[in-house]
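Colleague: A single structure is presented below for examination.
Computed from the coordinates by the stated procedures, all read-outs in this text should not be read as laboratory data. Please read all numbers here as calculations on a predicted model, not as lab measurements. So basically every Cβ, Gly included, is an ideal-geometry build from the backbone, and we count neighbours across all protein chains shown.
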Amino acid sequence: MQATRDAVAAAGDAHPYRGKYLNNLGIALRSLAEHAGEVGKLPEAIQAFRAAVAATPAEHSDRLVYLQNLSTGVQVLFEQTGDAVTLAEAVQVSRDAAAAVPFSHPDRPFYLSNLATMLRLLFERTGDAAVLADAVRAGRAAVAAAPVGHANRAKCPGCGRRRSSRSSRPSRVP
């Protein structure tokens, strides 16, 4: 952990790998929060993910991963606190990631599915039918974006099954 903190500290604001170092720090902190019970590390992880997104140009391919890690971190915080503002941020970051992923990107179904999950959580919290409609649209888009025969195509979000809201996809440590 200290080596990651040192890398972030040593990299100036204009360093080309600053976003990568911040993302790696966020992953380490989120892991401490989730697996070692150090829940106080989660807000720091989220700050690191926010900074990683901010430090990375919109056209950079790793920015999608950083957005998803931010979304997941904020979602975990929402699960712990139940705070509506936190959930709204998770939804917005998921919307940003889904909007940024190119149509030809192989992980497009993953990003759309995560957006559908976040919207479903928001619907469960608010009961807003428009949010549910958005969740269904995102879920359908995720299924449509998955190639026919793809193993994950059958895992459409919101199909009546209650699943863990967090993806089993690992965070990428570039």
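Colleague: In deg cm²/dmol and to the nearest 500, what is the mean residue ellipticity at 222 nm of the chain if only DSSP H runs of at least 4 residues count, each as -39500 (n - 2.57), divided by the residue total?
Modeller: Working: 7 runs with 115 residues, N = 174.
Rounded to the nearest 500, the figure is -22000 deg cm²/dmol.
Colleague: Okay, moving on. Assuming 1.002 mPa s and 20 °C, estimate D for segment 70-131 with Stokes-Einstein, Rh taken as the Kirkwood radius over Cα pairs, in µm²/s. Each step should come with its number before you reach the end.
Modeller: Details: Rh = 11.8 Å.
So the translational diffusion coefficient is about 182 µm²/s.
Colleague: Within the set of other residues whose C-beta is less than 13 Å from the C-beta of Leu115, count the net charge using Lys and Arg as +1 and Asp and Glu as -1.
Modeller: Details: positive: Arg95, Arg108, Arg120, Arg137, Arg140; negative: Asp96, Asp107, Asp134.
Summing Lys/Arg as +1 and Asp/Glu as -1 gives +2.
Colleague: Now, a different point. Rank Ala90, His15, Ile46 by how far each Cα sits towards the positive end of the charge dipole of segment 14-91 (+1 on Lys, Arg Cβ; -1 on Asp, Glu Cβ) and give me just the farthest.
Modeller: His15
Colleague: Another one. Take every Cα-Cα pair in the chain and report what % of them are more than 29 Å apart.
Modeller: Working: 3118 of 15051 pairs.
Roughly 21 percent, rounded to a whole number.
Colleague: Express the C-alpha Rg of segment 38-112 as a ratio against the empirical globular expectation 2.2 N^0.38 Å, rounded to two decimals. List each step's numbers first, then the result.
Modeller: Working: Rg = 12.5 Å, N = 75, 2.2 N^0.38 = 11.3 Å.
Rounded to two decimals, the normalised Rg is 1.10.
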